[in-house]
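Okay, structure first, notes after.
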Amino acid sequence: MAKPGKAAKKAKQLTKGHVVTKLEKKARPSNRKGKLSKRTETVRSVIRDVTGFAPYERKILELLQAGSSKDEKKALKVAKRRVGTHRRGMRKREYMRGVMQRLRHK
């Protein structure tokens, strides 16, 4: 920490030191974590087709079909309560919105 009244010392050269070439880092397996494979996507879609929606998801769809901002917020509250966190709730609401649009266009 600099003394009061005196300016702190600043680095003068950013290019000093031994010149080296940077090596490319190998991709780690952890970078692939969470990536959805085609097989998993297919399995999930088949299961969704067979089982349909959970009761809370049907309630979210019902609220979103009403269309008012009050019902949008209520849909988020329902989703948040069921899936645990605010971010997951928002993701679920957006997913259900997409489902609703796909059902309309069929």
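Computed over the Cα atoms of region 66-106, pair by distinct pair, the Kirkwood hydrodynamic radius stands at 10.5 angstrom. A helix-only calculation puts the chain at -19000 deg cm²/dmol for mean residue ellipticity at 222 nm, using -39500 (n - 2.57) for each DSSP H run of at least four residues, averaged over all residues. For Arg28 and Met90, the difference between the fully extended length at 0.36 nm per residue and the C-alpha to C-alpha distance is 19.3 nm.
Extending 7 Å from Cα along the Cβ direction at Leu61 and again at Gln101 yields two label points whose distance is 1.7 nm.
Per-residue extension of 0.36 nm, minus the Cα-Cα distance of Lys73 and Ile47, leaves a gain of 6.5 nm for this segment.
By the gyration tensor of its Cα atoms, with a ≥ b ≥ c the square roots of the eigenvalues, what is the shape of the chain: rounded for a/c under 1.5, prolate for a/b over b/c, or oblate? The shape class here is oblate. Neighbours of Ser69, meaning other residues whose beta-carbon lies under 14 angstrom from its beta-carbon, give a summed charge of +4 when Lys and Arg score +1 and Asp and Glu score -1.
For the chain, averaging the sequence separation of C-alpha pairs within contact (under 8 Å, six or more residues apart) and dividing by the residue count gives a relative contact order of 16 percent. Length gained on full extension, His18 to Ala54: 6.8 nm, using 0.36 nm per residue less the C-alpha separation.
The numbers here are math on the coordinates, done by the rules we state, and not lab data. Quick caveat, the model's predicted, so the values are computed rather than measured. Positions of Cβ are generated from backbone atoms using ideal geometry, with glycine treated the same way; all protein chains shown enter the neighbour counts.
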